[in-house]
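Q: For reference, the structure I am asking about is given below.
The values are calculated or read from the model by the stated rules, or taken from the named source; none is laboratory data. Note that the structure is predicted; figures quoted are calculated from it, not measured. Cβ placement follows ideal geometry from the backbone for every residue including glycine, while neighbour counts extend to all protein chains displayed.
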Amino acid sequence: MSSAGVALNLPRAGFRRRLGAWAIDALLVLPLLVVAGYIGYGLAHLLTTLGILSLSDGMTVGEWLAHQLWFSLWLAGVLCSYFVWFWCRDGQTPGMVRFQLRVQNTDGSLLRVGQALVRLATSAFGLGNLMVIFDRREFLAFQDYWASCEVVVTSSAAVR
């Protein structure tokens, strides 16, 4: 056991488990982004109602938001926060819990925020996991290499 109380030498996760966890997390992140979008839309609508924000003739609040950097950053922040929070807190997103996966350092410790951000930035929205198919020896994804971490199977029936 490591100092964090996590078992070491667990087998690394294969592509199918990673894909399943990704699908569940995508289904959970989508409603969060919708709520965040509604919050941004509500804020912009409030600003127009109060007269603080005036839109060009014929422009809707939605069209205006589509061109706002702050709104894109807001949505990206919500998306990033979901993964960084779970990876740094428990090493598992809800999708990873369902498929008995955990992201960790090779010593069994949890990721640091910087590592989680590197992992997220290099994952290419999950496409980095395709590398696991071709890396039959190490079972590491592109983002695992860049963030110096691994995804392991936490169950006793560790099937790739």
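Q: Among the listed residues G108, G95, identify the single one that is touching a Gly at 6+ places or on another chain (Cβ under 9 Å), touching a residue at least 40 places away in the same chain (Cβ under 8 Å) and at positive phi. So that I can check it myself, show each step before the final result.
A: Values: G95 fails: at positive phi.
It is G108.
Q: Shifting gears a bit: So which helices (runs of 4 or more DSSP H) stay within the stretch 45-160 end to end and still have 3 or more residues that are closer than 29 Å to R16 by Cβ and of a type outside the set (V, I, T)? If you could, list the steps in order and put the result at the bottom.
A: Details: elements: 61-66, 69-89, 94-98, 113-121, 131-134, 142-147.
Filter on the stretch 45-160 gives 69-89, 94-98, 113-121, 142-147.
Q: Oh, and also: Among the residues of the stretch 143-158 satisfying the criterion of being modelled with pLDDT of 95 or more and of a type outside the set (V, I, T), which is nearest to A13 (Cα to Cα)?
A: E150
Q: Checking A26 against (1) hydrophobic (A, V, I, L, M, F, W, C); (2) surrounded by 13 or more Cβ atoms within 10 Å (Cβ to Cβ); (3) within 11 Å of the chain's Cα centre (by Cα), only one condition comes out false. Which one?
A: (2)
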